[in-house]
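Below: one structure, written as C-alpha cells.
The values are calculated or read from the model by the stated rules, or taken from the named source; none is laboratory data. Predicted model only: the values in this text are computed from it and were never measured. Here the Cβ positions follow ideal geometry from the backbone for every residue, glycine too, while neighbour counts run over all protein chains shown. Ligands, DNA and RNA are excluded from the accessible area calculation, which covers all protein heavy atoms including side chains. Shrake-Rupley method; radii C 1.70, N 1.55, O 1.52, S 1.80 Å.
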Amino acid sequence: MSVHSDASRSMGESMDKKVAIFIGVMIAIIAVLCLMFSMGWLEVTPTKYIDTSVNDGVYDDTGLTDQFQWTKNIMIWFMLMMVAFLMLFIKKFEWGVCLAVLLSAAGSYIAYVAIQEFFFGAVWDETLMIRAVICAITIVIGIGVFLGTCKMWHYLLVGVLFAPFYSLLEWCLLGNISIFGGAATDPGGSMLVHMCAAYFGLGVAMTLRNKKAFDEPMYTTTHSVSFVWLASLVLWVLWPAFVTSLLPSSEVTWGTITCYMSGLGSIISAYIVCMLAQGKVNPLTYTYALLAGPVAIGAALLAVGPWGALAIGIVAGAISALCFTYLQPWFCSKLGILDIMGVHNLHGMAGWTGALITCVLVGSAANLGFAVLTVVITMVGGAIAGVIMRLTMGKEQEICTDEPDFIRNDAPGMEGA
Amino acid sequence: MSVHSDASRSMGESMDKKVAIFIGVMIAIIAVLCLMFSMGWLEVTPTKYIDTSVNDGVYDDTGLTDQFQWTKNIMIWFMLMMVAFLMLFIKKFEWGVCLAVLLSAAGSYIAYVAIQEFFFGAVWDETLMIRAVICAITIVIGIGVFLGTCKMWHYLLVGVLFAPFYSLLEWCLLGNISIFGGAATDPGGSMLVHMCAAYFGLGVAMTLRNKKAFDEPMYTTTHSVSFVWLASLVLWVLWPAFVTSLLPSSEVTWGTITCYMSGLGSIISAYIVCMLAQGKVNPLTYTYALLAGPVAIGAALLAVGPWGALAIGIVAGAISALCFTYLQPWFCSKLGILDIMGVHNLHGMAGWTGALITCVLVGSAANLGFAVLTVVITMVGGAIAGVIMRLTMGKEQEICTDEPDFIRNDAPGMEGA
Amino acid sequence: MSVHSDASRSMGESMDKKVAIFIGVMIAIIAVLCLMFSMGWLEVTPTKYIDTSVNDGVYDDTGLTDQFQWTKNIMIWFMLMMVAFLMLFIKKFEWGVCLAVLLSAAGSYIAYVAIQEFFFGAVWDETLMIRAVICAITIVIGIGVFLGTCKMWHYLLVGVLFAPFYSLLEWCLLGNISIFGGAATDPGGSMLVHMCAAYFGLGVAMTLRNKKAFDEPMYTTTHSVSFVWLASLVLWVLWPAFVTSLLPSSEVTWGTITCYMSGLGSIISAYIVCMLAQGKVNPLTYTYALLAGPVAIGAALLAVGPWGALAIGIVAGAISALCFTYLQPWFCSKLGILDIMGVHNLHGMAGWTGALITCVLVGSAANLGFAVLTVVITMVGGAIAGVIMRLTMGKEQEICTDEPDFIRNDAPGMEGA
C-alpha cells in the first residue's frame, strides 16, 4: 500500500460511487473557476499590470539571452537532481532512487540530443541543452510510477527508449500540428512534461504489472522525509527557471509572477485540504501537492494575471491533495498497479487541470485535444518500453530496496541504520 | 532550556552583574572598531579599490537589470527555504518547522503584494517580487522566536498580520522620513530585515508568554544538526543575492565583496569564541554565529572596503557567539520567554552592530534613531499579532513537536526514528 | 581501511604485479582514446557545431560580463560548501568536516586576496573573487586526503599556508612560463585545481604520516551516505559554473556543453565499472567517480566536441572507479598513508587523464610538463605545511571523530544517534 495514502482500501461498489462523486466535485470546482475566468470575475489578461513595451527590442541580442539561458539550464538540472530527493522517503530505498535518476537522465539526455542533432539537424546551443534537460527531467518524473520494481540497468534503457516518444510529442506540441483549429498552449509544460511523465510511467507500470508493490511496507523515518521536504521546497523555488526556460526574455518576468503566485496558492490549499480530510498532514501528500500550482500553471502561464494564478494554484493544490487521499486507492486498485510515488496525483491531475483551464482562458478547445494526444502517445511509448523491460527482467527481485544494488559499511549491530 | 546555550541558569544578582560587564565589553569592542574606522586605521571608503566609472551607464537598460534581478529573486526564495533547515535541529520537530515556514511565507507574501498593489499602487515587476520575498523571509526568521509554541495555522495568520507592519517599516526606512536630519543607511537590511525579524518575534513571544519552552527537552541527533550545517552554509553562500538585491547593478560587485569578506570574518571569530568560551564548539551556536557578519554588513555594505568588512565580520561573529553563550540565559530569564531559535543573538545583536557601526562610517546618527524606530514598530506589531494568536489558541498543546500535526509511517518498533 | 575500497589488503608481490597490469590497462585505454582523437575518429574541433561569430563582440561590455560572473561566483561558493557534504559519510565525523571546510576556505581565501592585492597589485572585482574562491575550493578538496587526522585549527592554518603555493602555481599555469615551447591548456582547472588539490593533500599526509587511519573503522549510515549523494548530484549540476568561470562569455556555452556531456559519460561508465568489478555499487566509489568526467574535461574543455567530451567522460569515470577499487589499497600501502576521502582516485587520476588527453587534442606536450610541475610545486608546498602541522600537533588525538571538537545534545539513551 502506498505510503502516500492512509485511506481505506475497501474497494467495493460504494467506493466506486464515492469516487464518482469525488471526481464530479473536482470537475465542478474546475468548472466554477473556469466560469469565473470566463465571466471576467478573475482577471484573465495580464496587460493591465505590465507594460510589455518596456522590454520590446531589448532581448533581440543572442548574447544576452545566452547568459540568461545558461543560468536556467543549470537550475533545471538542479531541479532534476532534486526530484531524486523528492522520492527518497522509503528508508530502505534511498541510494537506489538517486542512481535510478542519474541513469534515466543520462540515457534520455544522450538519446535526445542524438535524435535532435542527427535526425532533426539541430545545432548545439543553450536552447538545445535546455530542451534536452527538460526531456531528461520528464522521464525522471515518469520513473516514479514504477520506481523500485525493475532492474537498475532498466532505468538507463528506459531513458533511451523514452527519448524518441518525447521528441515526437514535443514536435506535436510545438506548433507543427493543429487540433480543433489551433496549436497547443503549453509554455510551461503542463502537458509536454507533467502529463507526459505521468502517462509514460503508467504505460510502463501497466505493462510490468508488478503487484508486489501493494504488499511492500514502505516505512519512512524522520530524516528520510526531511530530505523530501528539502527537495520539495527547493523544487518550488526553482520552478520559474523551468516554466520560463524557453520563453522570450520579455515574458520571463510574467511567467515568474504567475508561477510563484500559483505555488503560494497550493501551499495554502494543500494544507487546508490535508487537515480537513485527515485531521493531520500526511507529509508525503503535502510535499507533493504543494507543487501542484506550478504544475498546473504551466499551460496557463502567460494567459492569466497574478490573482488568477493564485486561484489556479489554490484549485490545483486542493485537487492534488484530494487525489492523494481519495483517488489513489481506487485508481491503483482499478489499474491493478501501484503508482509508487503518486506521480499521477501530482503531475497527471494538475497537468489536466492546467490544460483544461487554459481552454477557457484562451478560448480554444485545442488543449483538450492535445492533452488526449499526449496521453495516447505516452501510454503507447510506455507500453513498448514496458514490454522490453518485462522480457529482460530475469528472475524476480525484491522491490523498493537498495539491498541488491549497493554495498554497505554499517557499524556492527547497526546494520541498515 | 535552549539547546543553544549550555551556560548555567543560576540567575542571581551575580549573574546580572556579570551580564552587565559582558554587555559593557561588547559595547567597548564595537567602540574600538568605530574608533579605528573614524581614525582611518581601517579604510572606510571603497573608492580607492574600485573604478566605479567603469560601470556607469551600463545598467540603465531595464532589460538587463531584469535578467539580473530574476536570478536574485530565485536565490532569495532559496534562502527563505534554507531558513527552515537552519531551524530543523530538534529531532521531534522537523517537518513542522518546514510547514510553518511555508505557511508564514505564503501569508506574508500574498498580504504584502496586495498592500503594495492596492494601497501603494505598485506595478508587478521583478522589484516588487524581490521586495515581497524579502518581506516573507523576514517573518520566516521572526517566527523562530516562538516556533513550536502555537497552532500550525497561526503561522499563516501571523504572516498576514506581519505584512502591514513590515510595509510601514519599509516605507520609513526607504527615505520617506528623516531622523536626526538624515535617512536610514541600510542597503542590505540590517534593520529592515534582521532587527525587524528579531523584535517582531519577541513581540509575539512576550505576548504569548509560553513558559513551557524552558522545560522542554530539545534533543538533537547527528543528522538533524547536519541539516542545520547544510542550511547555514548555503545561506552564507547565497547572502550576496539578498544584500545586493535592490542595489543599482553598478554597486552589486562591491556589496558582494563586503558581504563575503564579513562572512569570512565571522566564520573565523565565531570558531575562536566558541572554543575560548566553552572549550568545544556548540554547533547550534556556531552555525548561527557564522552568519553574523553578513547580517551586520547589511547597513555598512557600501560604506566600507573589503578589509573593513572583514573587521566588521570578526566583531559581529564574536558578539553573536558570545550572546548565544552568555547573554541568552540572562536575557530569556529577564523577559520570561525563551527565544527558541536564538533569533535575537544572531539577527538582533548583529543587526544592532551593523546599524551602530554605520553611524560612524557615514557620520550620521540617523541609523541610531531608525534602529530604535524599528524596535518600536515591530514590537508593537508583534504584540498585536500575539494578542490575536493568544485569543485563538484554544487548549494548550505540546510544544516543539510534530506529533499533533503529522501522520507518520514508521516501521514497527522504530516509532519516531 | 578506507570505506571507499572493499578490495583485499594482501599487499604481496602478486599485488604489485596486478597493479602494474592494471595501470598498464588504464594507460592503454587512454592511449586508445588519444589515438581515436588523433585519427579523427572522434571529432576534435567544435567549430562544425557552433557559429562562434554569433557571439563576437557581444560581451565586450564589462557590465554584462560582471552580471554573468556574479552568478558564477555564487555557484562556485555553493560547490565549495557541497564538497563538505561529499565528505560527510563517516557518521561520527560529520560536523567536523563542515567546520574544517569553513576554516580552510576562510584561511585560504583571505590569504589569497591579500597576496593578490598587496603583492600582485590586483584590483577587487568579480574576477578576483572568482579566482579566490577557486583557490579556496582547491584546498577544501585537498584537505580530504588527511581529513580528521589533525587539530581543527590546523585547517585554518593550512588554508593560509596553501595560498602562496597556489598563487605560484596559478602564475605558472596562466601563461607566464612555457614548457616544451608552449603554455598550459587548462581552462577548466584539471591541473590548477584537481591535481593541485590531490598532490598538496598527499604532500601534507605523507609528512604527517598518521597510520592510525588504516585501523579506524569508518562506519556509515543510510542518511550519512544520502548527504553524499546530495552533494555529488549538486556538484555535478553546478560544475559548468566552475569550468567556465574565467572564460570569455562567447566560450561559455561550449564549455557547458562539453562539461555536461563528459559528466553524463562518467555517470554511465562509473556504474558499469562498479557492477563489473564488485557485482554491487559501492556508493562511496560511485558518487565520487561520477564526477570524474567533469574533472578530466577541465583541460580539454574547448578542444573537443560534445561526442568527444562524452568519450572522455566515459574513460575518466571508468578509470576513477577502477582506481577506487583496485589502485587505492596498493597506492595507500606503498605511500604508508591513507587517502581518507579518496581524493587521488578522483581528482588526481582524472586530472592526469584530462591533462594527458589534451596533449593529443592540442598537439603539444606542454601539458605533460605542466602536470609534472604541478605535482612538484604542490607536494613541496604540502610537505612544508605538513611539517608545521606536525610540529604543532601536541598529544595524539582520536581520528575522524567529532568527539573532541563538539558539544552534543542527545536524548538520554540515544547518545551519538
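General remarks:
- Residue list for the range A:328-345, restricted to those being over 10 Å from A:V145 (Cβ atoms) and open to solvent by less than 10 Å² (accessible area, probe 1.4 Å): A:Q328, A:C332, A:G336, A:N345
One line per residue, one yes/no per condition, for (1) open to solvent by 40 Å² or more (accessible area, probe 1.4 Å); (2) out of contact with any Lys or Arg (no Cβ under 7 Å at 6 or more places or on another chain); (3) at pLDDT 75 or above; (4) outside any helix (DSSP H, G or I):
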residue	(1), (2), (3), (4)
A:M1	yes, no, no, yes
A:S14	yes, yes, no, no
A:V19	no, yes, yes, no
A:M26	no, yes, yes, no
A:F68	no, yes, yes, no
A:M81	no, yes, yes, no
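- Here B:E396 fulfils each of the conditions (1) in a helix (DSSP H, G or I); (2) more than 14 Å from B:V145 (Cα to Cα) apart from (1).
- Some residue of the range C:128-141 being within 11 Å of chain B (Cβ to nearest Cβ) and either open to solvent by 10 Å² or more (accessible area, probe 1.4 Å) or among the hydroxyl-bearing types (S, T, Y) (or both): no
- Failed criterion for A:C150 (all others in (1) part of a loop (DSSP other than H, G, I, E, B); (2) within 30 Å of B:F85 (Cβ to Cβ); (3) open to solvent by less than 10 Å² (accessible area, probe 1.4 Å) hold): (2)
- Some residue of the range C:44-60 being small (G, A, S) and at pLDDT below 80: yes
- Considering residues of the range A:90-127 that are part of a helix (DSSP H, G or I) and of a type in the set (V, I, T) only, the residue surrounded by the fewest Cβ atoms within 10 Å (Cβ to Cβ): A:T127
- Verdict on C:L202 being closer than 22 Å to C:L80 by Cα, more than 8 Å from chain A (Cβ to nearest Cβ), touching a His at 6+ places or on another chain (Cβ under 7 Å) and at pLDDT 95 or above: yes
- Residue within the range B:352-365 that is open to solvent by 10 Å² or more (accessible area, probe 1.4 Å) and of a type in the set (S, T, N, Q) present: yes
- Some residue of the range C:188-195 being open to solvent by less than 20 Å² (accessible area, probe 1.4 Å), in contact with an Asp or Glu (Cβ under 7 Å, 6 or more places away or on another chain) and part of a helix (DSSP H, G or I): no
- Helices (runs of 4 or more DSSP H) fully within the range B:242-325 counting 2 or more residues that are open to solvent by less than 10 Å² (accessible area, probe 1.4 Å) and within 18 Å of C:R408 (Cα to Cα): B:252-278, B:283-289
- In the range B:398-414, the residues that are more than 9 Å from every other protein chain (Cβ to nearest Cβ) form Cβ pairs under 6 Å with partners that are among the basic types (K, R), at six or more places apart or across chains, as follows: B:I399/B:K212; B:T401/B:K92.
Results for (1) of a type outside the set (A, V, I, L, M); (2) modelled with pLDDT under 95; (3) out of contact with any Ser or Thr (no Cβ under 7 Å at 6 or more places or on another chain), shown as yes or no for each residue.
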{"site": "B:V273", "(1), (2), (3)": "no, yes, yes"}
{"site": "B:L276", "(1), (2), (3)": "no, yes, yes"}
{"site": "B:L291", "(1), (2), (3)": "no, no, no"}
{"site": "B:A296", "(1), (2), (3)": "no, no, no"}
{"site": "B:A300", "(1), (2), (3)": "no, yes, no"}
{"site": "B:G317", "(1), (2), (3)": "yes, no, no"}
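- Qualifying residue in the range B:217-235 (condition: more than 11 Å from every other protein chain (Cβ to nearest Cβ) and either within 26 Å of B:L161 (Cβ to Cβ) or of a type outside the set (S, T, N, Q) (or both)): no
- Check on C:A105, within 11 Å of another protein chain (Cβ to nearest Cβ) and under 21 Å from C:V295 (Cα atoms): yes
- Failed item in (1) open to solvent by less than 10 Å² (accessible area, probe 1.4 Å); (2) under 30 Å from A:S226 (Cα atoms); (3) touching a residue at least 12 places away in the same chain (Cβ under 8 Å), with B:V237 passing the rest: (3)
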